[in-house]
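One structure is given below, encoded as structure tokens.
What follows is calculated from the coordinates using simple rules that are stated; it is not laboratory data. Computed from a predicted structure; not experimentally measured. Please note: Cβ atoms are built from the backbone with ideal geometry, for glycine as well, and neighbour counts cover all protein chains shown.
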Amino acid sequence: MPPLQLTNLLHSSLPHVSQKGRALLSALACVNGHPESTTQLAHWLGFHDRYQLARALKREGLPPVGTLSAWTHTLYWIIESQATGATLRELARREKMDPAVAYKLIRRVTGRRWSEVRREGLTGAVLGFRDRCRSVNGAPPIPAFAMESRSASRAQLAPPLASARVDRTRSQPRARLRGVLGERVPIDGAPFDVALASTVALVTRGHAAAVDVLALNGTPRVSRTIAVGPVPTRVVPSARADSACVTSQFSEAVDIIDLEQGRLAATIPVPGHPLGAVLSRDGQTLYVSTNRDRLVAIALARRAVVVDIAIPHGSPHLCRHPSGHRLYASGWRAGVVAEIDVPAMRLVRAFKLGGIVQEVAVSADGQNLYAANEAGWLDVVHLPTGKRTGTLKLGTAALGMALSADEADIVVGLLHAGVVLVVDRHTLEIRHTLRTGGKPRVVASHPKGPVLVANEAGWVDFII
């Protein structure tokens, strides 16, 4: 998630750029103007390589990536210096950069010494940034930061999402998790979310602007890749599994993908960067949290935002109460979970849990809310009373979490430890510790028993 102040500054400095140009500025803000490589940046935005990105920048009338990166880095340093009083030497050393290199970068980009830039402040730097972008030679800017890798038209609309149906029947009892690592499917591009849709699983690839479709009949494998907007975060399948909604952060939009035809079918703009998402019980409304600390309601039949409200810090994690009348949004920076009445879109309660709240889930009986906490624990909240009734100390950051299909266990991913825990839901005792390696992200339970864990290091694990 890019820093909001720097992102807004870049966007407001160049209001004429297209939506894809804004996506590039968001990507640069995300790494404070210091991407690992231009190739990596190109992949984030859905290009095959840095040459496609360079051609798109030229068509947009923007300077090369190196120039944009240097200016972004400069603006970031000014913001940090003004906020904390840190010197450029201190800021450079914080990034393990030779201070001499930092001073030279400032001089090369702005034509001034750091002392002069610091004295003029953000206003002077932004004016210089605008002038540099306007002085680019070549073709005049056009509103089409064209993605050469895209073949699907975003103007083409998909069929309406099917109404969600709740199947409360169980043909046979589900076996309890054995706590064993099963299949592992390699997926590059920093997998973040995984969701089940009938006989397939959908995986968002945050650094590849794509969603992979995993066929689950037989040996799990990637059967198709669908290009979407930059930095896809959450994916929400329709009830009939013929389409899905994808929150594409840097597109500032929700993408609709057609799973039968394997293509991007439509795009719905939203205010800010969309993060978490959950579908209403009837399948007609998609609720989305954004980096502007808002909860947005999208009418899928109209393909439009119909209402939005403020929530205490938006995050990528939302869940729905089984009744369909409540949503729960984790306010990660505030250490709270907000309870929202839907469709009225009214904030009802806020559970103050502290720390950094991440993934949330509600039991099928609607009695208990479970919340993973990046500060190192797992909480249980009794929803009728709103009281915290249990806490499991983990000692390290917990992010992804899901209830097993039989709801006997909670599966929790420990982000920095490369570990997935299987925890008894009723006693909060750890039953199994699975060392997966990498960075476990979002967790999803298959109705027939296995649990899927997206791992940012480049794979999806199956826990049986």
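Of note:
- Degrees separating the helix 65-84 axis from the principal Cα axis of the chain, which is the longest one: 80 degrees
- By the rule of a C-alpha distance below 22 Å, with chain neighbours fewer than 8 residues away ignored, the lysines paired with Lys104 are Lys96.
- Electrostatic bookkeeping for Thr87 treats Lys and Arg as +1 and Asp and Glu as -1; over the other residues with beta carbon under 10 Å from its beta carbon, the sum is +2.
- The ranking of Tyr103, Tyr287 from fewest to most other beta carbons within 10 Å of each one's beta carbon is Tyr103, Tyr287.
- Whether segment 4-134 is rounded, prolate or oblate, judged on the alpha carbon gyration tensor where a/c under 1.5 counts as rounded: prolate
- Using a cutoff of 8 angstrom between alpha carbon atoms and counting only pairs six or more residues apart, the relative contact order for segment 4-134 works out to 23 percent.
- Cβ-based exposure ranking for Met401, Met97, in which fewest neighbours within 10 Å come first: Met97, Met401
- Order of Cys245, Cys319 under a 10 Å beta carbon neighbour criterion, fewest first: Cys319, Cys245
- In terms of packing, defined here as the mean over residues of other Cβ atoms within 10 angstrom, the peptides 203-209, 6-12, 394-400 line up highest first as 203-209, 394-400, 6-12.
- Inter-part distance where segment 212-235 and segment 356-421 are each reduced to a Cα centre, Å: 26 Å
- Cα gyration tensor category, rounded, prolate or oblate, for segment 181-463 with a/c compared to 1.5: oblate
- The angle between the Cα long axis of helix 99-110 and the longest principal axis of the Cα atoms of the chain comes to about 70 degrees, rounded to the nearest 10.
- Think of it as helices only: each DSSP H run of n ≥ 4 in the chain is worth -39500 (n - 2.57), and spread over all residues that comes to -7000 deg cm²/dmol at 222 nm.
- Spin-label model, Arg178/Tyr51: points 7 Å from Cα along the beta carbon direction are separated by 5.0 nm.
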